[in-house]
Amino acid sequence: MKTPWLFALLFAILLSAKLCHVGVLWAEEDLPLAAAKQMLMGKVLYRDAWFDKPPLVPAIYLLWGARIGWILRLAGSLYALLAAWFAYRFAMDLWSRAEGLWAASLLTFFLIFDTPSAALPMAADLLMLAPHFAAIWLAWKKRPLLSGIACGIAFLFNAKAAFVLAACAVFCFPQILPLAAGFTIPCAIAAIWLGATGALPFYIDSVWIWSSLYAGSSHVPNPFGNAALRTINWLGFHAALLIAATAWWFRREPIRLKMLVWSLTSFLGVSLGWRFFPRYFFQLLPVLVIVASRGLVLLGRKRLIALAFLLIPIIRFGPRYPMLALGMQPSWSDLAMDRDSREASALVTAQSRPGDSLFVWGYRPEIFVYTGLPAATRYLDCQALTGVPADRHLTQSNPVTTRGLAEARAALTQSRPDFIVDGLSPYNPRLAMSTFPEMHAWLTLYREIARTKYSVIYRHIPPDQP
């Protein structure tokens with residue numbers, strides 16, 4: 001098949017699969033979407049809208065006006081196709097067109113049949129894929145300045161791109177200085193923008209201080225056991241890639257050691273924080289796809305053995321696509337909160353008027369997206385108000401820090417949102433708003449007007465009403 005026709009087919013498959021998810025939002029895309037919508041309303045990221053990821057994550061949503069529905073899934077399909085093209089070019093330049101076609105096809109496959117909550121949202125880990133491929137490819141081609149720029153762009157999506165930079169240094173050695181210079185260019189541009197808008201101290205606080213506290217406070221009871229189990233599970237789920245990569249490894253090609261370094265640095269990125277969430281393994285996917293593409297070519301007809309293992313992800317996640325496309329959403333736990341947020345948002349929208357504002361207690365930023373209301377405060381979720389990260393606050397209440405929390409809650413009470421949606425207390429009463437003394441008097445200004453299974457909706461009482 002000619003290359004343009006293959007990529008047209010890959011895009012059609014990507015778009016068809018992603019459009020099945022047009023009616024839902026996944027947790028990892030909710031906060032970037034909410035932040036982008038606030039930016040479109042004139043708010044400055046970090047300074048006026050709390051956000052704990054690098055700036056390009058919400059900024060990319062601005063390209064299509066932070067709209068949801070089919071255009072969001074179209075954007076995701078185009079981004080996945082871009083990553084597949086970089087995989088194709090790298091593998092083709094390393095070996096031949098055959099490896100390039102396999103690399104593009106394998107990446108496309110796993111950007112459909114990998115864990116939906118990781119493969120569907122355009123979140124930090126997924127968004128690093130395209131510049132990750134580009135950076136390593138350009139480093140191998142001995143174009144260190146461009147490789148560094150790609151690394152810098154990746155870093156503005158995900159701080160774990162520092163591990164990509166380390167791998168690039170190995171591929172383009174000894175041209176380290178132009179690599180570092182290239183990396184500095186996009187980072188310097190971002191720093192100038194942050195400083196000019198007054199957002200730099202807020203950026204440091206939320207992206208670096210908060211994130212380091214989060215990374216250093218894993219709530220996993222047995223981190224080593226968890227690391228081993230999740231890594232084995234991921235490798236088993238990607239057994240087709242692992243088998244093909246193993247076949248390549250024993251051919252002892254000259255680039256083998258550089259690929260090993262790339263693999264090790266990528267795994268260090270996965271390991272950061274000791275959580276090993278499925279989306280973290282996107283850092284390891286590029287090197288595995290590239291070497292597996294070579295392995296499949298070397299295996300010849302025996303490649304069918306490796307390809308048979310693609311049935312594992314197909315059987316696991318394939319049925320979800322037609323079910324969602326047909327509107328069949330059984331009680332999937334990973335979509336339960338999204339369904340509840342849509343219901344709560346509809347209740348708010350039915351009673352809201354132009355100019356109304358919103359505050360959401362909990363990690364439910366999708367409610368800002370569904371209602372379209374501006375945030376009354378800079379807080380799009382309550383992590384910075386409780387000190388409890390979103391990955392545990394449904395069941396735990398121990399903060400990772402107490403620094404500045406009381407002051408943040410006191411600042412919150414100076415605002416007067418027209419609506420409050422409490423999306424946390426029904427899950428975890430220990431983190432109810434009423435448990436914080438600074439908020440007691442503020443809460444008397446609101447009355448409950450509706451509720452869903454997992455949300456309570458309050459409205460501000462006008463001063464002329466008792």
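Every number in this text was worked out from the coordinates using simple rules, so none of it is lab data. Bear in mind that the values here come from a model prediction, so they are computed numbers and not experimental data. All Cβ positions, glycine included, derive from the backbone under ideal geometry; neighbour counts span all protein chains shown.
Using C-alpha pairs under 8 Å with a sequence gap of at least 6, the mean separation divided by the residue count of the chain gives a relative contact order of 16 percent. Taking only alpha carbon atoms, the range 333-460 gives an Rg to Rh ratio of 0.93, where Rh is the Kirkwood radius. Rounded to the nearest 10 degrees, the inclination of helix 223-237 to the longest alpha-carbon principal axis of the chain is 60 degrees.
Angle of helix 176-196 to the longest C-alpha principal axis of the chain, folded into 0 to 90 degrees and rounded to 10: 20°.
Using the Karplus relation 6.51 cos²θ - 1.76 cosθ + 1.60 with θ = phi - 60°, the per-residue 3J(HN,Hα) values for the range 334-347 come to 6, 10, 4, 5, 5, 4, 5, 5, 5, 5, 5, 5, 5, 5 Hz, with x marking Gly and Pro. For the range 12-20, putting each phi into the Karplus relation 6.51 cos²θ - 1.76 cosθ + 1.60 with θ = phi - 60° gives couplings of 4, 5, 4, 5, 4, 5, 6, 5, 5 Hz, in residue order, rounded to whole numbers and with x for Gly and Pro.
Inter-label distance, SER212 to MET41: 3.2 nm, where each label sits 7 Å from its Cα along the C-beta direction.
Taking the Cα atoms of the range 1-154, the ratio Rg/Rh between the radius of gyration and the Kirkwood radius comes to 1.00. When the Cα positions of PRO144, PHE277, SER117 are compared along the charge dipole of the chain, PRO144 comes out farthest toward the positive end, with charges on each C-beta of Lys, Arg, Asp and Glu.
Expressed in units of 2.2 N^0.38 Å, where N is the residue count, the Cα radius of gyration of the range 245-374 is 1.62.
Between SER333 and SER434, the C-beta separation translates, for a Förster distance of 35 Å, into a calculated FRET efficiency of about 0.80. Using a simple spin-label model with pseudo-atoms 7 Å out from Cα toward Cβ, TRP193 and ILE314 lie 4.2 nm apart. Each label point was placed 7 Å from the Cα along the Cα-to-Cβ direction; for VAL22 and ARG353 their separation is 3.6 nm. Each peptide among 213-223, 139-149, 265-275 gets the average number of other Cβ atoms lying within 10 Å of its residues, and from highest to lowest they stand as 139-149, 265-275, 213-223.
The packing ranking, built from the mean of other Cβ atoms within 10 Å per residue, places the peptides 12-21, 111-120 in the order 111-120, 12-21, highest first. Using only side-chain charges placed at the Cβ, +1 for Lys and Arg and -1 for Asp and Glu, the dipole size of the chain relative to its Cα centre rounds to 1520 debye. Compactness ratio for the chain: Cα radius of gyration over 2.2 N^0.38 Å (N = residue count) comes to 1.02. Basic side chains Lys and Arg get +1 at the Cβ, acidic Asp and Glu get -1 at the Cβ, and with that the dipole of the range 333-460 about its Cα centre reaches some 200 debye.
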